[in-house]
Amino acid sequence: MRIEFDRDTCIAIYQCVDEWAAFEKDMDAGKATLVNGEEVGENVFSLEVPEGEEFDAEMAARVCPVDAITLYDDDGEQVVP
């Protein structure tokens, strides 16, 4: 499972931070940060979801009010949103 985070779309509601420890608040930038995410596009970060953290990653993606977080299954199919 892989998660992608579009930092430009983020509006700093930080619900993802409450759902999964892989997200942290960046108060200086007014955005969330995907910890250890690899930049795969301009301000788009990707991270393989560690085993056992799939539920938390899914919840982080589901609670984002602006769909800045996209979750893909192991086959590369988009799961959320």
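The values are calculated or read from the model by the stated rules, or taken from the named source; none is laboratory data. These numbers were taken from a predicted model, which means no experiment stands behind them. A quick note on method: Cβ atoms are made from the backbone with ideal geometry, for glycine too, and the neighbour counts reach across all protein chains shown. Calculation scope for accessible area: heavy atoms of the full protein, side chains included, ligands and nucleic acids excluded. Shrake-Rupley method; radii C 1.70, N 1.55, O 1.52, S 1.80 Å.
Between ALA29 and ILE13, full extension at 0.36 nm per residue minus the direct alpha carbon distance yields a gain of 4.5 nm. Scoring 43-49, 66-72, 56-62 by mean Cβ neighbours within 10 Å over their residues and listing the highest first yields 56-62, 66-72, 43-49. Our coupling estimate for segment 29-40, obtained by passing each phi through the Karplus curve with A = 6.51, B = -1.76, C = 1.60 and θ = phi - 60°, is 8, x, 9, 7, 10, 8, 4, 6, x, 9, 6, 10 Hz, Gly and Pro reported as x.
Figure note: MET27, MET1 ranked by solvent-accessible area, largest first, 1.4 Å probe, ligands and nucleic acids not counted: MET27, MET1.
Can you list, bin by bin at 10 Å, the percent of alpha carbon pairs in the chain, starting at 0? Spelled out per bin, shortest first, that is 21, 60, 18, 1. Across segment 65-73, coupling constants 3J(HN,Hα) worked out from phi with the 6.51/-1.76/1.60 Karplus curve, θ = phi - 60°, read x, 10, 6, 7, 10, 10, 10, 10, 7 Hz, and Gly and Pro carry x. Separation of segment 8-36 from segment 54-77 is 14 Å, based on Cα centroids.
Solvent-accessible area assigned to carbon and sulfur over the chain amounts to 42 percent, based on a 1.4 Å probe.
With a 1.4 Å probe rolled over the protein heavy atoms of all chains, the accessible area of GLU42, GLU77 falls in the order GLU42, GLU77, largest first.
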